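Right, one structure below, let's go through it.
A short reminder: the numbers here are calculations on the coordinates, not readings from a lab. What you see is a predicted model, and the numbers here were worked out from it, not measured in a lab. All Cβ positions, even for glycine, are placed from backbone atoms using ideal geometry, and neighbour counts span all protein chains on display.
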Protein chains: 2
Amino acid sequence: MEEQKKRILLVEDDPNFGTVLKDYLMMNDYEVTHAKNGMEGFEKFKKDDFDLCILDVMMPYKDGFTLAKEIRDKNTDVPIIFLTAKTMKEDVLRGYKVGADDYLNKPFDSEVLLMKIKAIIQRKATETISDSKQFEFKIGSFDLNSKLRFLRFKGGDPLKLSPKENELLRLLALHENDLMPRELALTKIWRDDNYFTSRSMDVYIAKLRKYLKPDEKVEILNIHGEGFRLVVNS
Amino acid sequence: MEEQKKRILLVEDDPNFGTVLKDYLMMNDYEVTHAKNGMEGFEKFKKDDFDLCILDVMMPYKDGFTLAKEIRDKNTDVPIIFLTAKTMKEDVLRGYKVGADDYLNKPFDSEVLLMKIKAIIQRKATETISDSKQFEFKIGSFDLNSKLRFLRFKGGDPLKLSPKENELLRLLALHENDLMPRELALTKIWRDDNYFTSRSMDVYIAKLRKYLKPDEKVEILNIHGEGFRLVVNS
DNA sequence: CTTCCCTTTTAACCTTACATTAACAAAAAT
DNA sequence: ATTTTTGTTAATGTAAGGTTAAAAGGGAAG
């Protein structure tokens with residue numbers, strides 16, 4: 001059963017150690033983004049959604065704590081694990097202060113790290129209850145519930161949407177009446193922008209158009225070379 | 001306002017170390033129950049509600065893991081911290097398997113322990129908001145008593161549920177009409193998310209559907225790749 | 001220790017759901 | 001005019017879920 005891979009942001013300045021760790025994590029089915037310093041780490045963090053951050057404490061320019069604090073300011077929820085050089089009590093305490101979820105002393109056992117990662121990610125998974133209103137949209141006379149993945153026309157029987165259909169329609173709805181760039185959907189939903197994913201997206205646009213036909217006020221327009229626009233005519 | 005003191009169950013066979021640790025925790029405003037071995041630990045656990053369990057791994061008669069497993073069977077939520085004699089990888093891994101939240105190697109720094117305790121208790125506190133003591137549910141014309149593990153249809157003869165059936169139905173009921181993520185059930189009930197546990201869960205879903213058949217208004221819907229939804233149609 | 005019963009997991013087989021790719025048509029851009 | 005982009009439908013391959021049955025565990029009682 002292919003689960004969605006969990007995404008990890010790894011910030012580690014030692015290139016050897018960083019690469020080894022990255023490879024190890026990737027071998028264990030995580031999608032890893034490796035940043036070589038605090039600056040880069042923060043940039044990458046802002047660009048993407050991660051399920052976990054692993055931060056080295058000792059780094060030039062911007063140490064792990066400072067980075068963690070910045071990350072916490074943007075997002076109070078991502079779990080953070082610190083890698084500390086050795087048992088430095090101050091480090092550990094400071095880490096917890098900025099809201100770390102755990103720490104590991106180098107050198108550490110890789111299997112233990114894996115277990116911690118698993119435990120932490122699972123923990124977060126159970127916490128995530130519901131931010132309901134993020135997931136409900138009105139599109140003309142349709143109701144889209146993108147958490148339960150259905151589309152209902154005027155209180156009729158809900159039409160089940162596939163994950164991709166759902167995500168795409170949701171993105172369009174988020175940009176209602178505005179341009180939803182092709183590239184955006186491809187990078188956010190397909191996580192890759194190439195000929196095939198692009199054609200795949202077109203197929204999904206066709207499906208959505210079919211679903212939305214019952215309300216002739218709602219249409220998905222193409223903006224050649226740019227993307228699509230979900231419009232609701234009054 | 002006087003905060004309710006957090007209750008800790010400390011199971012540690014070394015009388016000296018145990019007493020010192022207990023005193024230290026009490027000095028830091030925790031209410032501590034100290035059990036000298038696994039048996040006693042379990043007895044005390046059953047008698048009271050605790051916010052956290054700290055278990056020594058190495059104990060005569062009943063080691064920390066066995067105890068943890070018993071505790072987990074009774075309560076899937078209490079955080080557990082293990083104290084391991086030294087960095088024994090096997091211990092650590094085994095600990096996580098039975099659902100530990102963390103572990104500490106002896107000798108450890110007491111301040112670090114305090115931080116961990118604080119972090120863990122806080123974590124649970126944010127998780128456990130409304131989800132407190134919900135053990136009785138109305139599901140269409142069924143009554144589920146998940147404390148006694150039975151399901152009754154319109155006041156008829158109660159059907160006895162197995163532990164897993166019960167837990168699963170309870171989770172579904174807690175999320176009635178909403179998505180109950182697969183991952184949630186697997187991590188909370190099966191404590192592991194892999195192909196086999198996932199298939200096992202499907203088997204249980206089939207069983208529950210059979211049990212719920214008498215009321216055709218009640219159904220368990222699948223949301224492909226996400227989880228299940230217990231719906232009660234009006 | 002063995003047997004029995006209850007629970008859970010594993011296996012097997014089948015159905016449904018999804019995403020991708022191909023193929024061809026139509027628009028739009030150059 | 002012809003190259004690129006988009007529209008649409010259908011075919012294909014794979015993964016997830018439904019269901020039943022058999023195997024494996026585990027605890028209590030004999």
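Of note:
- Taking a ≥ b ≥ c as the square roots of the eigenvalues of the alpha carbon gyration tensor, the stretch B:47-125 is oblate, as a/c is not under 1.5 and a/b does not beat b/c.
- Evaluated with a Cβ-only charge set (Lys, Arg +1; Asp, Glu -1), the stretch B:6-127 carries a dipole of roughly 260 debye about its Cα centre, given to the nearest 20.
- Bridges between two residues of the protein assembly as shown, per DSSP, are antiparallel at a rate of about 50%.
- Kirkwood radius, the stretch A:132-232, all distinct C-alpha pairs, inverse of mean reciprocal distance: 13.5 Å.
- Dipole size of the stretch B:156-215 about its Cα centre, with +1 on Lys/Arg Cβ and -1 on Asp/Glu Cβ: approximately 220 debye, rounded to the nearest 20.
- Measuring gaps between exposed loop sites in chain A (trypsin sites (Lys or Arg not before Pro); DSSP loop; at most 13 other Cβ atoms within 10 Å), the longest gap, sites not included, is A:6-85.
- Considering only Cα atoms, the convex hull volume of chain A works out to 155 Å³ per residue.
- Cα gyration tensor category, rounded, prolate or oblate, for the protein assembly as shown with a/c compared to 1.5: oblate
- Sites excluded, GluC sites (Glu not before Pro) in DSSP loops with at most 10 other C-beta within 10 Å, longest stretch of chain B: B:4-215
- Extension gain (nm, one decimal) between A:LEU184 and A:ASN28, 0.36 nm per residue minus Cα-Cα: 53.3 nm
- Over 32 Å between alpha carbons, listed pairs A:LYS188/B:LYS217; B:LYS5/B:LYS36; A:LYS74/B:LYS69; A:LYS62/B:LYS22; B:LYS5/B:LYS138; B:LYS46/B:LYS106: A:LYS188/B:LYS217; A:LYS74/B:LYS69; A:LYS62/B:LYS22; B:LYS5/B:LYS138
- Inter-label distance, A:ILE223 to A:ASP49: 2.3 nm, where each label sits 7 Å from its Cα along the C-beta direction.
- Along the axis of the charge dipole computed for the stretch A:6-127 (Cβ charges of +1 for Lys and Arg, -1 for Asp and Glu, origin at the Cα centre), the listed residues A:PHE17, A:TYR103, A:HIS34 are led at the positive end by A:TYR103.
- Our analysis of the stretch B:1-93 gives Rg over Rh at 0.96, with the two radii drawn from alpha carbon positions and Rh computed by the Kirkwood formula.
- Taking the DSSP bridge list for chain A and keeping only pairs wholly inside it, about 50 percent are antiparallel.
- Listed residues A:PHE196, A:LEU151, A:ASN222: farthest to the positive end of the dipole of the stretch A:132-232 (Cβ charges): A:LEU151
- Within chain B, the whole DSSP H helices whose Cα atoms reach 20 Å or more along their own axis and whose mean Kyte-Doolittle score is at least -1.0 are B:110-127, B:195-212.
- Within a Gaussian network of chain A (alpha carbon springs, distance under 10 Å), most fluctuating of A:VAL78, A:VAL203, A:VAL98: A:VAL203
- Modelled spin labels at A:MET88 and A:ASP109, positioned 7 Å past Cα toward Cβ, are 2.5 nm from each other.
- Take the Cβ atoms of A:THR197 and B:ASN16, set R0 to 56 Å, and the FRET efficiency comes out at 0.30.
- Label positions at B:ARG209 and B:SER141, each projected 7 Å from the Cα along the C-beta direction, are separated by 2.2 nm.
- In the protein assembly as shown, taking the dipole from charged Cβ atoms about the Cα centre, the farthest positive-side position among A:ILE71, A:ALA185, B:LEU83 is held by A:ALA185.
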